[in-house]
Amino acid sequence: MAYWQCANNPLLWERRKPRSSYPIKPRSNGGFIDPSFAAHAAPTKKMLLYTPRLHLFRATLRIPKRRQPMATETVRGRTVTIHFDGERCIHSRNCVLSHPDVFVPNVVGEWIHPDAVAPEEVALIARNCPSGAIRYEYNDGTHSEPAPVANLVHIRENGPLAFTAPLLIAGKDEGMRATLCRCGESHNKPFCDHRHVECGFIATGEPAERKSEALPHRDGPLQVNPTRNGPLHVIGNLEVVSGTGRTIDRLSETWLCRCGHSNNKPFCDGSHKKVGFQADGE
């Protein structure tokens, strides 16, 4: 039973008369004055104090188990090879829900089966992986993942920043997709490791739109440079998009918050200095 259900149920309340030797006021033990009774109080202004019988219910605190890092695997099929990076996976479950024949959950042993579907389907699964944990390549080298038409960063509600672009993160080629931490708690910075759920991170995925002009070019390489104890410095054509697909801003250089404390999320406002945020970077 939730606290408010108990607190508003008169059957679970006990009546206590206050001492006349001290004024009536809320008590530190959780008791408080019944406002409905106060309106009909006697001229002496003595009121009944009601204290919830908290012993009649017990709140159970569920602490989520810390996820163990998954392994990095490469599985070669007849036509296509799948690369899976467990440290990049944010458990969006797109793969196991859309194609449980290719990615078979909760089994012992082999769980990735590239030959279960056509190579084109494998490519589609990989492109729908927001974190870039799933990559693919054709065994004959004839196909590779194409660059997106527009460089985007999606702002996930209470979650990470999901980039889709030809990414150079800290000078390293990281493919076309990555989810980067913005709660400040990841143990795999700058990448998200799902700890925003454990720490109860709250941040809207629908910030206010900014007035911006269309970019001359929407694609091209995108550099993401994590600064030391500071934000993500992003250089290149980029469209900032809300969780529902609204364009928030268009820019060619910006600083995105990754400490989790900015009052102007997803953009940095210098709060990392106030909170003493620490993270590796340039």
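Here, each number is a calculation from the coordinates, and none is a lab measurement. The model shown is predicted, which means the values in this text are computed figures rather than measured ones. A quick note on method: Cβ atoms are made from the backbone with ideal geometry, for glycine too, and the neighbour counts reach across all protein chains shown.
What the table below lists for this structure:
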quantity: Cα-Cα separations in the range 72-138 greater than 14 Å, expressed as whole percent; calculated: 51 percent
quantity: Percent RCO, i.e. relative contact order, over the range 72-138, from Cα pairs under 8 Å lying at least 6 residues apart; calculated: 42 percent
quantity: From phi via Karplus (6.51, -1.76, 1.60), per-residue ³J(HN,Hα) for the range 195-203 in Hz, x at Gly/Pro; calculated: 6, 4, 6, 5, 8, x, 4, 10, 7
quantity: Sequence-distant residues sharing a close amide H with I248 (under 5 Å, placed H); calculated: V240, V241, S242
quantity: Amide hydrogen neighbours beyond the local backbone of F267, cut-off 5 Å, H modeled; calculated: C257
quantity: Extension gain from I235 to C199, taking 0.36 nm per residue of separation minus the Cα-Cα distance; calculated: 10.0 nm
quantity: Rounded to whole Hz, the Karplus (6.51, -1.76, 1.60) HN-Hα couplings of the range 109-117, x for glycine and proline; calculated: x, 4, 10, 10, 10, x, 8, 6, 9
quantity: Percent RCO, i.e. relative contact order, over the range 152-275, from Cα pairs under 8 Å lying at least 6 residues apart; calculated: 25 percent
quantity: Spacing of the two label points (7 Å from each Cα toward its C-beta) at Q278 and L168, in nm; calculated: 3.1 nm
quantity: Packing-based exposure ordering (other Cβ within 10 Å, fewest first) of K265, K274; calculated: K274, K265
quantity: Two-site FRET efficiency, Y138 against L215, from Cβ-Cβ distance with R₀ of 30 Å, rounded to 0.05; calculated: 0.40
quantity: Estimated vicinal HN-Hα couplings, Hz - the range 221-236 in sequence order (Karplus 6.51, -1.76, 1.60; Gly, Pro = x); calculated: x, 10, 8, 10, 10, x, 8, 5, 6, x, x, 8, 8, 10, 10, x
